[in-house]
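J.: Before I ask anything, let me first share the structure, which is written out below as structure tokens.
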Amino acid sequence: MDDAGANATKFTIFRKADIPPLTEAQFYGGATTTPEQRDSMDKMLAAGWADGEETRVMFNGPGFALVHAWFKAGYPLPLHSHGADCLYFIVAGSLSLGTEHLEAGDGFFVPANAAYTYTPGPDGVEVLEFRHTTMVGFRILAKGAAFWSKSLQRVAEHRADWKAARRPGRAQGAANPPA
């Protein structure tokens, strides 16, 4: 992979095989959470929450960032905000955003610091997220024991399915490329 880091100032190629998971990328300026939220997220991670998503920073260069995310059906995405504007394009699958149902080819824009969440459709959803910044703040806004308890239950209900899930829009028997 040519240098796809924050210092890339020339023509750059990036390849999916060389791109680390979001958890290994220097992209988020750290999540802002309360102790209750952190404790709840730790419990969800221990129960297999990470099996419900695959997120990678495809490119992080001067003034641009591109993230690819696959959220599997049933994945509980908490209400959150980012410290930068985000433009989303749905590559495959579908999602519900409030009362709106969006599918492949649709998209949405979230201004900086706006609270949002969405629910992956029955086959999950793959999105591309475009940002005009190379470092982004991430703030968890979901509150209350009821939300975290329900989310933990959803992780338990879906974890086995997540391990066998195929990306939305892939033909049966087709290769499922590595993320």
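The values are calculated or read from the model by the stated rules, or taken from the named source; none is laboratory data. This structure is a prediction, so every number in the text was calculated from the model and none was measured. Ideal geometry is used to build each Cβ from the backbone, glycine not excepted, and the neighbour counts take in all protein chains shown.
J.: Report yes if PRO78 is under 15 Å from the mean Cα position of the chain (by Cα), closer than 20 Å to LEU45 by Cα and at pLDDT 95 or above, otherwise no.
T.: Taking the combined requirement at face value, the residue does not satisfy it.
J.: Find the residue count for the range 109-122, including only residues that are in a loop (DSSP other than H, G, I, E, B) and either in contact with a Cys (Cβ under 7 Å, 6 or more places away or on another chain) or not aliphatic (A, V, I, L, M) (or both). First the steps, then the outcome.
T.: Residues of the range 109-122 in a loop (DSSP other than H, G, I, E, B): 111-115, 117-118.
Then drop every residue that is not either in contact with a Cys (Cβ under 7 Å, 6 or more places away or on another chain) or not aliphatic (A, V, I, L, M) (or both), which leaves 111, 113, 117-118.
So the answer is 4.
J.: Which one is modelled with the highest pLDDT among residues in the range 128-149 that are over 18 Å from ARG38 (Cβ atoms) and not in a strand (DSSP E or B)?
T.: Here the answer is HIS132.
J.: Can you find a residue in the range 48-56 that is in a strand (DSSP E or B) and either at pLDDT 90 or above or touching a Cys at 6+ places or on another chain (Cβ under 9 Å) (or both)?
T.: Yes, the conditions are met somewhere in the range 48-56.
J.: Now for a different question. Can you tell me which of (1) modelled with pLDDT under 90; (2) surrounded by fewer than 16 Cβ atoms within 10 Å (Cβ to Cβ) is the one PRO111 doesn't meet?
T.: It fails just one condition, (1).
J.: Kindly list, by first and then second residue, each pair from a residue in the range 116-129 that is over 20 Å from LEU66 (Cα atoms) to a residue that is buried (at least 20 other Cβ atoms within 10 Å of the Cβ) and aliphatic (A, V, I, L, M), limited to pairs with Cβ atoms under 7 Å and residues at least 6 apart or on different chains.
T.: THR119/LEU95; GLY121/LEU95
J.: Do you know which of the residues in the range 85-108 that are part of a strand (DSSP E or B) and of a type in the set (S, T, N, Q) is surrounded by the fewest Cβ atoms within 10 Å (Cβ to Cβ)?
T.: Among those residues, the one meeting the criterion is SER96.
J.: Quick one: would you say SER40 is in contact (Cβ under 8 Å) with a residue 60 or more places away in the chain, of a type outside the set (Lys, Arg) and in contact with a Leu (Cβ under 9 Å, 6 or more places away or on another chain)?
T.: Working: in contact (Cβ under 8 Å) with a residue 60 or more places away in the chain: yes; of a type outside the set (Lys, Arg): yes; in contact with a Leu (Cβ under 9 Å, 6 or more places away or on another chain): yes.
Taking the combined requirement at face value, the residue satisfies it.
J.: Looking at LEU66, is it at pLDDT 75 or above, surrounded by 15 or more Cβ atoms within 10 Å (Cβ to Cβ) and part of a strand (DSSP E or B)?
T.: yes
J.: Considering only the range 37-75, how many residues are more than 11 Å from the chain's Cα centre (by Cα), of a type in the set (S, T, N, Q) and farther than 15 Å from LYS143 by Cα?
T.: 1
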